[in-house]
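Colleague: Handing you this structure, nothing more for now.
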Amino acid sequence: MFERFTKGARGVVTGAVGHSERMGADTVTDEHLLLALLDQRGTRASFALAALGVTDRRESLEGAFAEARRRGGLTKADADALAGIGIDVGEIISKVEEAHGEGAMRLGGKPKRWWSGHRGFTPAAKATLEKSLRIALGRGDRHIGDEHLLLALTARPGLVSEVLADHGATYETVERAMFGGLSEAS
């Protein structure tokens with residue numbers, strides 16, 4: 001699959017590993033892939049992110065990810081579902097932090113890598129890479145570009161797609177910004 005990646009898509013993957021290292025994460029996540037996409041310039045995905053105003057709201061995105069890490073990785077949808085059965089996630093976080101200190105539920109920690117020093121990708125990040133291949137094939141493209149990675153991030157349910165949607169970047173809006181109108185795959 002990686003032989004199909006364009007130079008830009010490879011740059012995103014490499015950049016995601018770099019973000020993971022700088023953040024002290026033990027694995028590469030979808031969040032790191034998005035942050036690396038935001039670093040790209042002059043690509044179809046960077047154009048779409050800029051056109052949708054996402055690039056200018058990087059701090060807001062990072063804040064949303066930090067808040068989700070504080071919640072132990074729960075999305076707003078997860079918290080709402082738990083609230084529906086009477087569980088107040090905010091109250092639980094407050095009590096845990098009161099007992100164990102601020103950020104006690106925060107995801108992350110010391111890197112746990114094999115001797116090789118390589119950071120692995122989470123199952124969700126691997127699924128995003130696989131989804132980018134399916135999107136490329138569905139569009140009839142013979143390569144996987146950063147545009148396919150961005151579409152995959154918006155297509156897969158989870159924290160990154162939720163945060164992007166909160167910032168106006170859904171699969172449909174991203175696809176429209178990159179390709180205009182309806183895609184051939186629609």
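The values are calculated or read from the model by the stated rules, or taken from the named source; none is laboratory data. Since the model is a prediction, treat every value here as computed from it, not as a measurement. Here the Cβ positions follow ideal geometry from the backbone for every residue, glycine too, while neighbour counts run over all protein chains shown. Accessible surface areas use protein heavy atoms only, side chains included; no ligands, DNA or RNA. Shrake-Rupley method; radii C 1.70, N 1.55, O 1.52, S 1.80 Å.
Colleague: Starting from the stretch 149-162, take each residue that is at positive phi and list its partners that are assigned to a helix (DSSP H, G or I), counting only C-beta distances under 8 angstrom and pairs at least six apart or across chains.
Modeller: 158/30; 158/124
Colleague: I'd like the full set of residues that are in contact with a helix residue (DSSP H, G or I) (Cβ under 8 Å, 6 or more places away or on another chain), open to solvent by 20 Å² or more (accessible area, probe 1.4 Å) and in a loop (DSSP other than H, G, I, E, B), limited to the stretch 132-151.
Modeller: 141, 142, 143
Colleague: Just need a number here: residues in the stretch 144-176 that are among the polar types (S, T, N, Q) and under 12 Å from residue 46 (Cα atoms).
Modeller: Residues in the stretch 144-176 being among the polar types (S, T, N, Q) and under 12 Å from residue 46 (Cα atoms): 0 in total.
Colleague: Can you confirm whether the stretch 81-90 contains a residue that is modelled with pLDDT of 85 or more and assigned to a helix (DSSP H, G or I)?
Modeller: yes
Colleague: In the stretch 124-177, which residues are acidic (Asp, Glu) and within 25 Å of residue 56 (Cα to Cα)?
Modeller: 146, 147, 162, 166, 172, 175
Colleague: Separate question: So if I check each of 58, 69, which one is farther than 27 Å from residue 175 by Cα, open to solvent by 40 Å² or more (accessible area, probe 1.4 Å) and under 14 Å from the mean Cα position of the chain (by Cα)?
Modeller: That would be 69, the only listed residue that is farther than 27 Å from residue 175 by Cα, open to solvent by 40 Å² or more (accessible area, probe 1.4 Å) and under 14 Å from the mean Cα position of the chain (by Cα).
Colleague: Closer than 24 Å to residue 175 by Cα, in contact (Cβ under 8 Å) with a residue 12 or more places away in the chain, open to solvent by less than 70 Å² (accessible area, probe 1.4 Å) and not in a helix (DSSP H, G or I), is that true of residue 53?
Modeller: Spelling it out, residue 53 is indeed closer than 24 Å to residue 175 by Cα, in contact (Cβ under 8 Å) with a residue 12 or more places away in the chain, open to solvent by less than 70 Å² (accessible area, probe 1.4 Å) and not in a helix (DSSP H, G or I).
Colleague: Of 75, 43, which residue is among the hydroxyl-bearing types (Ser, Thr, Tyr), open to solvent by less than 50 Å² (accessible area, probe 1.4 Å) and either in contact with a Pro (Cβ under 8 Å, 6 or more places away or on another chain) or at pLDDT below 85 (or both)?
Modeller: It is 75.
Colleague: Is the stretch 10-33 home to any residue that is touching a residue at least 60 places away in the same chain (Cβ under 8 Å), part of a strand (DSSP E or B) and among the hydrophobic types (A, V, I, L, M, F, W, C)?
Modeller: yes
Colleague: Then there's this: Given the conditions (1) part of a helix (DSSP H, G or I); (2) farther than 16 Å from residue 149 by Cα; (3) in contact with a Leu (Cβ under 9 Å, 6 or more places away or on another chain); (4) not β-branched (Val, Ile, Thr), report the number of the one that residue 67 does not fulfil.
Modeller: (3)
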